[in-house]
Amino acid sequence: MRLENKVALITGAAGGIGREASVLFAAEGASVVAVDLDREAAVAVAKEVNQKGGRATAVGADVSRAADCEAMVAAAESEFGRLDVLFNNAGIMHSDDDDAISTDEQVWDLTMSINAKGVFLGCKFGIPALRRAGGGSIINTASFVALLGAATPQVAYTASKGAVLSMTRELAVLHAREGIRVNALCPGPLHTELLMKFLDTEEKKARRLVHIPMGRFGEAKEMAQAALWLASDESSFTTGATFVVDGGITSAYVTPI
Ligand code: NAD
């Protein structure tokens, strides 16, 4: 098994990518700490993992709050004795996120506090735990929008994911010699609640699909598979990477029709 004897903490564990990653990581031998703002939904994910013969515990936490991030890491160590993998995956895409003129300051602040500060706080408390375990792997969920501009505006979200990407590179360099690897997963547009709520008409979906060479949205499961490789020792020489899993969107100029 690819994550045997490892303890993995996954934030946003009740959502599309986080739930799939919780189930997959556990099936590959990891003990999983499923963290979400929605505690009940995280409990359901942990229950599902345990019913399938895996090991998981649930923690309710808001990743934009330092005390919650400290507590989720403490839970990993008290429940399973160590932390080896930290998947900072929780994120939001606010429905009122727009261009710079129209986006409210509150929307900007909320988005940055969860998507960017949440990753910082996960690392703030997670890195000392990874050190205590003798090293480990951090995966931060950024997005393809950190690499490409779009005419469907979501300025706060895009800026927050740019912050995740650059923070990832710096942390990777800082902690490389401690055996702590830090990589960014950059999903393309996915068929999950987060994006489908934002692209709420067929027209908006079609507008996005035309840019994806594969002609479809990605699945959360495909992101979990990519994260699994980054979490496992198979990626032992990979750090600071911008790991793009996007159906070809960032490589496209003109797509097939
Ligand atoms: P999702 O909405 O299905 O899941 C996100 C989860 O995060 C939810 O369970 C939610 O309750 C939780 N969450 C929200 N705020 C939180 C907080 N403050 N503290 C703790 N948990 C919180 O979304 P998803 O599609 O699975 O997205 C996961 C990550 O992937 C996000 O960072 C998102 O930005 C990123 N991403 C998604 C797409 C896409 O197309 N869906 C594309 C690129 C990147």
Please go through region 149-168 and give me each residue that is surrounded by 15 or more Cβ atoms within 10 Å (Cβ to Cβ) and of a type in the set (Ser, Thr, Tyr), ordered by number.
157, 158, 160, 168
Scan region 45-70 residue by residue and report those that are among the small types (Gly, Ala, Ser) and surrounded by fewer than 16 Cβ atoms within 10 Å (Cβ to Cβ).
53, 66, 67
Given the conditions (1) at pLDDT below 95; (2) within 23 Å of residue 219 (Cβ to Cβ); (3) more than 14 Å from the ligand (Cβ to nearest atom), which single one is not true for residue 152?
(3)
When you look at residue 22, is it in contact with a helix residue (DSSP H, G or I) (Cβ under 7 Å, 6 or more places away or on another chain) and among the hydroxyl-bearing types (Ser, Thr, Tyr), yes or no?
yes
Taking the condition surrounded by fewer than 21 Cβ atoms within 10 Å (Cβ to Cβ) and part of a helix (DSSP H, G or I), does residue 221 pass?
yes
Quick check on this structure: which one of 171, 185, 130, 121 is crowded, with 18+ Cβ neighbours inside 10 Å, in contact (Cβ under 8 Å) with a residue 60 or more places away in the chain and among the aliphatic types (A, V, I, L, M)?
185
What do you reckon, is residue 78 polar (S, T, N, Q), within 15 Å of the ligand (Cβ to nearest atom) and either closer than 30 Å to residue 189 by Cβ or without any contact (Cβ under 8 Å) to a residue 12 or more places away in the chain (or both)?
no
Of the residues 45, 32, 63, which is in contact with a Ser or Thr (Cβ under 6 Å, 6 or more places away or on another chain), near the ligand (Cβ under 8 Å from one of its atoms) and not hydroxyl-bearing (Ser, Thr, Tyr)?
63
Could you grab me the full set of residues in region 214-244 that are touching a Phe, Trp or Tyr at 6+ places or on another chain (Cβ under 9 Å) and more than 19 Å from residue 30 (Cα to Cα)?
238, 243, 244
Which of the residues belonging to region 85-106 are buried (at least 19 other Cβ atoms within 10 Å of the Cβ), away from the ligand (no atom under 14 Å from the Cβ) and either of a type outside the set (S, T, N, Q) or at pLDDT below 95 (or both)?
85
Screening 217, 243, 198 for residues that are within 30 Å of residue 4 (Cα to Cα) and not polar (S, T, N, Q) leaves only 243
Take region 11-51 and flag every residue that is of a type in the set (Asp, Glu) and under 18 Å from residue 63 (Cα atoms).
36, 38, 40
Considering residues that are within 10 Å of the ligand (Cβ to nearest atom), out of contact with any Lys or Arg (no Cβ under 8 Å at 6 or more places or on another chain) and of a type outside the set (A, V, I, L, M, F, W, C), the number found within region 1-29 is 6
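The values are calculated or read from the model by the stated rules, or taken from the named source; none is laboratory data. The structure presented is a predicted model; accordingly, all values stated were derived computationally and were not measured. Neighbour counts are summed over all protein chains in view; Cβ atoms, including those assigned to glycine, are modelled from backbone coordinates with ideal geometry.
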